[in-house]
Amino acid sequence: MGVGIMEVKLIGAKGLKRTDFLGQGRKPVWNEEFKFRVEFPSLDGSDDNQNNYKLNLRVFDHDTCSKDDFLGQSTIYVKDLIEIGLEKGKADFGTQKFRVILDDLSYQGEIQVAITFTAKSETEQSEYLVEKENNGFFSWRRYL
């Protein structure tokens, strides 16, 4: 089993769905970084399902007096990044733009994300233990 740290930097977004009268939050800038401990079960190719190694980013606005509105989501497949990182010690997607997909599967805007994976030994990785929330999902919310 391979273990490493995936660093995700949420940079910003643009062209998001307009949900409020004033259109606030259509071009948010976050510049927030997160580190996740990642376990990769096998390097011999026995676990080829890309769906097991993806990062789902769900974007919401922030409403003061009502429920936050869902603005869309992006799915980033990271299996290749993890495999290269385990083989070479480190792999970097760099900064990329990903389309934001609405509930009706149409596109509305983009989110800018940078992702790096660094392989760690069993002793190095203990400092990055991250608790999972409901159903194995992590949650982050930044108010616009």
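If you plug the beta carbon distance of Thr95 and Cys65 into 1/(1 + (r/R0)^6) with R0 = 41 Å, you get a FRET efficiency near 0.70. The string of couplings for region 104-110 from the Karplus curve (6.51, -1.76, 1.60, θ = phi - 60°) is 7, 6, 8, 9, 8, x, 8 Hz, one whole number per residue in order, with x for Gly and Pro. Return the subset of Lys27/Lys120; Lys17/Lys54; Lys54/Lys88; Lys27/Lys88; Lys97/Lys120 for which the Cα-Cα distance in this structure is over 32 Å, preserving the input order. Lys27/Lys120; Lys27/Lys88, as the Cα separations exceed 32 Å there. Residues whose amide H comes within less than 5 Å of that of Gly12, counting only those at least five positions distant or on another chain, are Trp30, Asn31, Gln112 (H built at 1.01 Å from N in the peptide plane). Proximity of backbone amide H atoms, modeled 1.01 Å from N, is registered between Asp63 and Asp68, Asp69 at under 5 Å, excluding neighbours fewer than 5 places apart on the same chain.
Bear in mind that the values in this text are calculations on the coordinates, not laboratory data. Here the structure is a predicted model, which is why all the values come from computation and not from measurement. Methodologically, a virtual Cβ is constructed for each residue, glycine included, from the backbone with ideal geometry; neighbour enumeration extends over all protein chains shown.
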